[in-house]
1. Quick check on region 74-103: of everything there that is more than 10 Å from the chain's Cα centre (by Cα) and closer than 22 Å to Cys172 by Cβ, which residue is surrounded by the most Cβ atoms within 10 Å (Cβ to Cβ)?
2. Is there a residue in region 82-91 that is modelled with pLDDT of 90 or more and not aliphatic (A, V, I, L, M)?
3. What are the pairs, 6+ residues apart or on separate chains, where a residue within region 18-46 that is farther than 21 Å from Leu113 by Cβ and assigned to a helix (DSSP H, G or I) has its Cβ under 9 Å from a residue that is of a type in the set (S, T, N, Q) and modelled with pLDDT under 95?
4. Quick one: in region 26-49, which of the residues that are within 16 Å of the chain's Cα centre (by Cα) and open to solvent by 60 Å² or more (accessible area, probe 1.4 Å) is modelled with the highest pLDDT?
Amino acid sequence: MPPASDEPSDYEVTLIKPAVAGTVNVLKPSALDPRIKRVVITSSAAALFETKYLFEEDTPLGTVWNEKSQTPIPQGPFKSPFHAYYAGKIAALAAADKFAADPDTKFDIVNILVLFVLGRNELITKASDLASGSNGPVMGAVLGNKSDISLVSSSVHVDDVSCMSRLWIQACLLGPITNSEGYLGTL
């Protein structure tokens, strides 16, 4: 998770708008080149479910979250930077879907959706912060800390280039798709 101000009023500017802009700023120039047939975006499975099911409530029994799930874009105020971060992921996925639905878009969009990217975090400068960010559930368990969120099994290691490369290549080799599709990225 990128650094953010602790001021909830800044979350829109520091977390949500950059997530959407990052996605749209890849798609817009791609639309200018007619040779581009597919854009593959590494996104977040967090965009598939409401944050309350990660932080506050258990998912209702029988609920299945998958790459077809649609989540309304949460509006602030947000309880924490994590809530706003996930809202940004939901908004970015919605922006990609909207872009793909535009009849003028001549390429497919594939979203590879991973929930946790584990690995070295260059923003961590103190040992006490090792269990922060998406490394929190794993490092917290190693350090004997109780996690406030459910552990999930959809993760990719940031340094495992071969796994991520395999996901990107498989996404490029998919047969025809309709506008935009998402695939859970777990290896």
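The values are calculated or read from the model by the stated rules, or taken from the named source; none is laboratory data. Computed from a predicted structure; not experimentally measured. We place every Cβ from the backbone using ideal geometry, glycine too, and count neighbours over all the protein chains shown. The accessibility values were calculated without ligands, DNA or RNA, using every heavy atom of the protein model including side chains. Shrake-Rupley method; radii C 1.70, N 1.55, O 1.52, S 1.80 Å.
1. Checking each candidate, the answer is Ala96.
2. yes
3. Ala31/Thr105
4. Val26
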